[in-house]
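Heads up, the thing below is written out as structure tokens.
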Amino acid sequence: MYSFEYPKDMNVGRVCLEMSLKPFKSLEQSFIEEVCTELFDQWKELLIKASGCSVLLWTADGSEILEYRGELDDEIEWARYLGLANPPDLPQGSDPQKLGLHSWPRYYMDNPPVITYGDLKRIIAALKRIGREITGFEITVGATFDPGPEFAKSDFKYNRHTEISKGSILGGDGSSKWVHCTSILKGDTGKYAAFPDGIPEGTHFGTFLGAQYRELAKDLGFDYIWFSNGFGFSRDSWNWTGECFDGKEFFDGAAERVKDQILEFWHKFTEACPGVRIETRGSNLSTGMDIAAHGSPLSSIYEFLPFAPPNSPWAAIDAQFGLELVGYMSHIAETPSEGYLFRYYTHDPWWINSPWFDRYNRQPHDIYLPLSVARLDENLRVMQPYGINFLTADDSFGNLPRRCPVEVIPHLLDAYSHYPDSAGPVTWVYPFEQYHKIGFQKDRAGEVLFGDWFIKSAVDAGMPLNTVISDSNFVKGDAARHLAGKTVLVMPVPDEDSDMEKAVLEALLRKGDVLLYGPADHASDTIKSLLGIETTMPLEGEFILESSLPEDKILQGGDPSRVLKHQALISGGGLNTIRAGSDVDILIKAVHTDGEERIYGVFNGRALSGRLAWVRGSFPGEGNPRSRLPGNFKASEYVMPGKFLRAVLTKFDVHIAFALQELDDQSPMVLYSMSENACYVTGYAPDTTCKMRLGLPDGAPIMMGTDCIVENSIAEYTLPRWWYNECRIFVRQKERSKVSCIIKPSVFPGTDRRFYVTGLRDADVIFRKVPGTIVKPVHFPCGSSGHGDADKFLDTNIEYEELDNNRILCRNISGSLMISWGTGETYKLVGE
């Protein structure tokens with residue numbers, strides 16, 4: 001019998017409630033306990049579906065660990081501020097009244113309480129005791145270490161030991177720099193818990209931090225430590241440039257040197273604190289970006305961690321949704337033993353914003369988009385996140401607004417109840433192992449940097465990339481055999497004689513669909529022959545592109561620029577491919593300003609037994625070394641190279657196109673995910689004046705509870721700001737009509753659910769079945785009463801075909817079609 005209850009086996013994993021100490025506005029024991037009770041009570045509806053619970057305390061910025069002397073009566077310099085606690089020296093005349101939060105901090109309340117280490121120990125004990133009473137879980141409590149100047153004043157970082165603050169994130173003088181994990185401390189004679197006689201000259205920062213945390217955790221009851229904002233991964237974790245790449249050149253030997261220094265930190269820290277559990281935020285960027293620019297050895301760092309870092313909060317802060325998703329997928333392609341985290345930005349306890357209410361405007365797209373990601377393991381099974389972290393439960397003024405969890409939890413439970421269980425239509429075979437192999441080499445670092453920025457630009461442009469598998473898992477899981485024909489495999493051009501080349505050829509032999517991107521310099525003659533290209537002298541600069549791929553519509557006129565700007569340093573080299581043979585379709589040509597021509601995109605519909613496409617790609621923005629992130633090109637000025645990956649998917653029967661009002665409007669983001677044989681369409685539209693046209697191999701997707709225009713087996717939708725819709729019905733029809741999918745009550749015993757599809761004109765309709773159910777389609781011809789008849793008992797009145805165990809096909813339907821399904825369970829009549 002169908003139930004509207006959440007699945008019994010649904011589990012969201014560990015729920016981690018991050019919080020500052022601001023809610024503890026009084027240190028009376030009764031008040032501490034009231035705060036703890038309110039905290040856990042607010043989230044109990046989510047905790048019912050959890051496997052555990054943790055609290056991560058943002059006590060200060062980690063300086064409370066560095067300063068700890070082993071004295072519980074010592075006062076903590078805690079995060080009781082609004083704004084930047086350690087502001088830089090501002091240029092003369094800039095904000096003389098210090099009104100901005102970056103200019104000078106303010107207390108979050110009058111006379112904030114004085115908190116000692118002993119008080120913090122009481123708070124931790126209360127969280128564990130009351131949390132266990134309310135949730136039934138043994139509550140773990142984490143400490144935090146942040147490398148930056150934001151949260152609390154730090155005499156250690158910015159006065160006594162400025163030698164550790166090497167990273168430049170916020171600009172200004174030393175007070176705005178970030179701690180680098182590779183630093184070596186100068187000696188001092190102060191008392192510290194782990195160094196009562198002072199810090200010896202030349203002590204590694206990892207040794208000091210590890211030993212200090214060991215003593216603090218033992219005395220106060222912390223269970224793990226959280227490294228924030230890229231600490232332990234790189235020096236400048238918010239910047240696209242770093243120690244190995246300054247935006248102008250990749251430094252010879254720098255990557256190997258930095259990699260070794262970063263790993264030395266992890267060894268020093270864990271040696272000083274044996275058995276420590278470390279959880280991390282990771283960087284705001286992607287695996288390839290971090291390797292090439294920052295020398296970050298992610299695969300080796302994972303040996304010290306229980307799980308991979310979560311998604312970045314930059315989607316909320318800077319609307320960088322493409323960077324969030326690409327960074328997330330690249331980090332979780334491979335994972336440590338316990339998997340990976342999902343993190344959601346509900347409140348900010350420092351900067352007077354609560355993203356759920358303001359940045360997101362109470363719209364849940366940043367829940368549904370990352371929770372539509374399907375990470376495949378070596379057995380090709382989807383791995384759900386280990387758990388959910390909430391940054392944070394409290395707001396900047398120490399309030400715990402109950403309205404937030406009340407509004408957020410239903411969307412989380414909805415997303416988890418339909419969590420992906422198989423690969424979507426497009427799968428990224430992420431070169432995790434390959435990038436660690438070649439990304440530390442100066443001559444190939446640009447290729448690695450380019451790859452992830454190019455895919456980021458494609459996702460920003462609406463490429464429906466929701467599934468990821470690492471290159472090594474792809475090979476180990478024999479994915480070429482099992483995924484061929486089920487999903488478009490997207491990956492860089494494989495190196496000659498590599499395992500990935502063998503896998504690509506195997507997939508093509510098994511009628512697979514493969515979309516390659518990036519330079520072909522290291523490709524074999526076999527791959528080049530299938531692509532119909534060969535390499536010649538590389539060119540860079542500006543090109544005029546000639547493309548036969550479909551374009552988006554611009555409703556208010558104007559043509560997108562055809563000028564491609566190709567920067568060889570950050571695009572994996574120059575354009576160096578020319579045509580070789582005539583058995584492929586040339587999709588995109590690039591004509592240089594000197595008249596020479598290069599091939600930029602091809603399609604081979606007869607590649608062995610499969611279909612093969614390739615798009616060369618270019619770095620998608622201005623590579624300004626002085627900016628934190630590279631600026632995206634505007635369509636009115638230069639070609640947006642990422643759009644070609646979405647466009648070329650039409651060759652694999654995956655159609656997504658947009659009708660934009662103005663030329664430089666930002667495209668929506670669209671993801672497809674699969675759950676219980678249904679396709680879930682998830683998206684976010686920065687501009688709701690845009691229209692979207694969708695088509696999949698089964699036909700035009702008719703989303704549940706929506707209306708669309710269908711023509712030539714493509715569905716056109718007007719867009720809300722966000723959407724997350726189940727789709728089981730696909731329509732193939734040539735004639736234009738309005739098609740609606742109406743949800744009807746089940747009404748009849750043994751029927752679980754019913755859809756009513758109207759407006760069909762000589763259409764073939766494919767329905768994706770719910771596993772283990774009986775399907776009954778009923779046809780209402782044009783002119784029938786339709787809606788009224790749909791609520792009467794009608795058995796199947798048309799023939800249909802079973803395409804496979806998962807789909808049925810109803811042919812030549814005009815009018816309306818009701819599809820009902822259920823287990824066929826019978827109920828005894830009263831009186832029998």
*Could you please find all residues in the range 353-365 being out of contact with any strand residue (DSSP E or B) (no Cβ under 6 Å at 6 or more places or on another chain) and either within 30 Å of L376 (Cβ to Cβ) or part of a loop (DSSP other than H, G, I, E, B) (or both)?*
S354, W356, F357, D358, R359, Y360, N361, R362, P364
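Does P385 satisfy the criteria of being part of a loop (DSSP other than H, G, I, E, B) and under 16 Å from the mean Cα position of the chain (by Cα)? Explain how you work it out, then say what you get.
Numbers: part of a loop (DSSP other than H, G, I, E, B): yes; under 16 Å from the mean Cα position of the chain (by Cα): yes.
Yes.
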*Count, please, the residues in the range 395-424 that happen to be part of a loop (DSSP other than H, G, I, E, B) and touching an Asp or Glu at 6+ places or on another chain (Cβ under 9 Å).*
7
_Against the conditions (1) surrounded by fewer than 23 Cβ atoms within 10 Å (Cβ to Cβ); (2) over 30 Å from D478 (Cα atoms), where does Y419 fall short? Just the number, please._
(2)
*Could you check A292 against (1) in a helix (DSSP H, G or I); (2) modelled with pLDDT of 95 or more; (3) open to solvent by 20 Å² or more (accessible area, probe 1.4 Å) and say which number it fails?*
(3)
*Can you give me the ranges of the helices (runs of 4 or more DSSP H) entirely in the range 1-71 with at least 1 residues that are charged (D, E, K, R) and closer than 21 Å to L341 by Cβ?*
44-47
*Mind checking which residues of the range 710-719 are part of a strand (DSSP E or B) and touching a strand residue (DSSP E or B) at 6+ places or on another chain (Cβ under 7 Å)?*
V710, I714, A715, E716, Y717, T718
_Condition check for E324: closer than 22 Å to T280 by Cβ, charged (D, E, K, R) and open to solvent by less than 10 Å² (accessible area, probe 1.4 Å)_ = yes
_Would you confirm, using the coordinates I've provided, whether A647 is without any contact (Cβ under 8 Å) to a residue 60 or more places away in the chain and buried (at least 23 other Cβ atoms within 10 Å of the Cβ)?_
no
*Determine whether the range 687-696 contains at least one residue that is farther than 30 Å from G541 by Cβ, surrounded by fewer than 23 Cβ atoms within 10 Å (Cβ to Cβ) and among the acidic types (D, E).*
yes
*Return the residue satisfying two criteria in turn: it lies in the range 458-485 and is out of contact with any helix residue (DSSP H, G or I) (no Cβ under 7 Å at 6 or more places or on another chain) and of a type outside the set (A, V, I, L, M), and of such residues it is most open to solvent (accessible area, probe 1.4 Å).*
K476
*From (1) within 30 Å of the chain's Cα centre (by Cα); (2) surrounded by fewer than 17 Cβ atoms within 10 Å (Cβ to Cβ); (3) not basic (K, R), pick out the condition that doesn't hold for E501.*
(2)
*Any idea which residue in the range 303-321 is surrounded by the fewest Cβ atoms within 10 Å (Cβ to Cβ), counting only those that are in contact with an Asp or Glu (Cβ under 7 Å, 6 or more places away or on another chain) and not hydrophobic (A, V, I, L, M, F, W, C)?*
P306
_Where a residue in the range 227-251 is free of Cβ contacts under 8 Å to residues at least 60 places away in the same chain and its partner, wherever it lies, is of a type in the set (K, R) and open to solvent by 10 Å² or more (accessible area, probe 1.4 Å), with Cβ under 7 Å and at least six apart_ = G242/R235; E243/R235
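Go over the candidates D452, D513 one by one and state the one that is acidic (D, E), open to solvent by less than 10 Å² (accessible area, probe 1.4 Å) and touching a helix residue (DSSP H, G or I) at 6+ places or on another chain (Cβ under 8 Å).
Working: D513 fails: open to solvent by less than 10 Å² (accessible area, probe 1.4 Å).
From the options D452, D513, the qualifying one is D452.
Looking only at the range 709-730, which residues are open to solvent by less than 50 Å² (accessible area, probe 1.4 Å) and closer than 26 Å to S417 by Cα?
Taking the range 709-730 as the starting set, the residues that turn out to be open to solvent by less than 50 Å² (accessible area, probe 1.4 Å) are 709-710, 713-717, 719, 723-730.
Y717, L719, W723, Y724, N725, E726, C727, R728, I729, F730, listed by residue number.
What are the residues in the range 218-271 that are small (G, A, S) and open to solvent by 20 Å² or more (accessible area, probe 1.4 Å), if any?
G221, G253 - these are the residues of the range 218-271 that are small (G, A, S) and open to solvent by 20 Å² or more (accessible area, probe 1.4 Å).
Can you tell me which of L66, L56, L17 is surrounded by 23 or more Cβ atoms within 10 Å (Cβ to Cβ), farther than 21 Å from G136 by Cβ and at pLDDT 95 or above? Give the steps one after another, and end with the answer.
Values: L56 fails: farther than 21 Å from G136 by Cβ; L17 fails: farther than 21 Å from G136 by Cβ.
Within the list L66, L56, L17, the selection yields L66.
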*How many residues does the range 98-130 contain that are farther than 27 Å from G70 by Cβ and among the small types (G, A, S)?*
2
_Among the residues in the range 605-626, are any modelled with pLDDT of 95 or more, in contact with a Ser or Thr (Cβ under 9 Å, 6 or more places away or on another chain), open to solvent by less than 10 Å² (accessible area, probe 1.4 Å) and on the phi > 0 side of the Ramachandran plot?_
yes
*Yes or no: E378 surrounded by 23 or more Cβ atoms within 10 Å (Cβ to Cβ) and either charged (D, E, K, R) or at positive phi (or both)?*
no
*Under 7 Å between Cβ atoms, at least 6 apart or on separate chains: pull out the pairs that start in the range 114-143 with a residue that is more than 16 Å from E38 (Cβ to Cβ) and end on any residue that is basic (K, R) and in a helix (DSSP H, G or I).*
E138/R132; V141/K128
*Counting only residues that are of a type in the set (V, I, T) and not in a loop (DSSP other than H, G, I, E, B), which one in the range 366-382 is farthest from P149 (Cα to Cα)?*
V382
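In the range 507-552, which strands (runs of 3 or more DSSP E) lie fully inside it and hold 2 or more residues that are among the hydroxyl-bearing types (S, T, Y), at pLDDT 95 or above and more than 30 Å from the chain's Cα centre (by Cα)?
Details: elements: 513-517, 533-539, 541-547.
Fully inside the range 507-552 and qualifying: 533-539.
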*Residues being of a type in the set (V, I, T), in contact with a Pro (Cβ under 8 Å, 6 or more places away or on another chain) and under 30 Å from R106 (Cα atoms): count how many of those fall in the range 344-393.*
2
_Exactly one of these conditions fails for G462: (1) in contact with a Pro (Cβ under 7 Å, 6 or more places away or on another chain); (2) in a helix (DSSP H, G or I). Give me its number._
(2)
*Could you list all residues from the range 96-135 that are buried (at least 16 other Cβ atoms within 10 Å of the Cβ) and of a type in the set (A, V, I, L, M, F, W, C)?*
L101, W104, I115, L120, I123, I124, A126, L127, I130, I134
*From (1) surrounded by fewer than 23 Cβ atoms within 10 Å (Cβ to Cβ); (2) closer than 30 Å to E637 by Cα, pick out the condition that doesn't hold for V670.*
(1)
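Across the range 561-584, what is the number of residues that are more than 15 Å from R616 (Cβ to Cβ) and either outside any loop (DSSP other than H, G, I, E, B) or out of contact with any Leu (no Cβ under 6 Å at 6 or more places or on another chain) (or both)?
6
The values are calculated or read from the model by the stated rules, or taken from the named source; none is laboratory data. Note that the structure is predicted; figures quoted are calculated from it, not measured. Using ideal geometry, Cβ is built from the backbone for each residue, glycine included, and neighbour counts are taken over all protein chains shown. Ligands, DNA and RNA are stripped out before the accessible areas are found, and what is left, the full protein with its side chains, is counted by its heavy atoms. Shrake-Rupley method; radii C 1.70, N 1.55, O 1.52, S 1.80 Å.
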